[in-house]
Amino acid sequence: MGLACWYFLRSRPGELAPLTRGAVEAFIFHDGRLPAAEDGFVRLFDVIVRVENRRPIGVVQVGAHQYHALANGKIDRDHIFQVQATAAELMFRPGLLENPVPGVIEAGHHFAKRRLDHMNTWQPSEAERAMLRQLVNKKARRPIM
């Protein structure tokens, strides 16, 4: 038993297309290009699939991620740095455990998590979720989602 990751690109609202792992890795880690939506974001679904004997048997997890892209279709490294800085702020929140102020509830980590979610995830519509379900089941050649 093992896992596989399938990717689907949302080029614009209501449009999904399968994407190779190589294309996603080239975009994120190298100088690859992907088409961005009008707002400058590349939106992807990643679907973690459980496989047995190289046959998909079920969906483990679905993620909806967004990456800011430059005009030429390459990933915006400055935006990635901002996302990483926000994640670090969330993980290493100074003052969270040391010297709490009496009567003050520390809530900064909640705001940092919310800011991080807004920076790197998106909320697909029900129609897009239904379309994703259809594409995943087609690729699996049977209903798994």
So how many residues does segment 1-13 have that are of a type in the set (Gly, Ala, Ser) and either more than 17 Å from Thr121 (Cα to Cα) or at pLDDT 95 or above (or both)? 2
Could you please give the count of residues in segment 3-17 that are without any contact (Cβ under 8 Å) to a residue 60 or more places away in the chain and within 14 Å of His65 (Cβ to Cβ)? 3
Among (1) touching a His at 6+ places or on another chain (Cβ under 8 Å); (2) modelled with pLDDT under 80, there is one condition Asn120 misses while meeting the rest; what is its number? (2)
Residue hits (segment 10-55; surrounded by 15 or more Cβ atoms within 10 Å (Cβ to Cβ), assigned to a loop (DSSP other than H, G, I, E, B) and touching an Asp or Glu at 6+ places or on another chain (Cβ under 9 Å)) are Gly32
Report yes if some residue within segment 83-105 is modelled with pLDDT of 90 or more and in a loop (DSSP other than H, G, I, E, B); otherwise report no. no
When the residues of segment 112-145 are filtered to those that are surrounded by 16 or more Cβ atoms within 10 Å (Cβ to Cβ) and β-branched (Val, Ile, Thr), which remaining residue is nearest to Gly14 (Cα to Cα)? Val136
Return the residues of segment 21-52 that are of a type outside the set (D, E, K, R), more than 14 Å from the chain's Cα centre (by Cα) and farther than 19 Å from Asn137 by Cβ; say none if nothing qualifies. Gly22, Ala23, Ala26, Phe29, His30, Gly32, Leu34, Pro35, Ala36, Ala37, Gly40
Residues of segment 20-72 satisfying the condition of being within 16 Å of Thr121 (Cβ to Cβ), touching a residue at least 12 places away in the same chain (Cβ under 8 Å) and acidic (Asp, Glu): Asp46
Quick one: what pairs do we get from segment 119-145, first residue over 14 Å from His65 (Cβ atoms), second basic (Lys, Arg) and assigned to a helix (DSSP H, G or I), C-beta under 9 Å, 6+ apart or different chains? Pro143/Arg133; Met145/Arg133
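The values are calculated or read from the model by the stated rules, or taken from the named source; none is laboratory data. In this text, all values refer to a predicted model and were calculated from it rather than measured experimentally. Because the Cβ atoms are built from the backbone with ideal geometry, glycine has one as well, and the counts that use them run over all protein chains shown.
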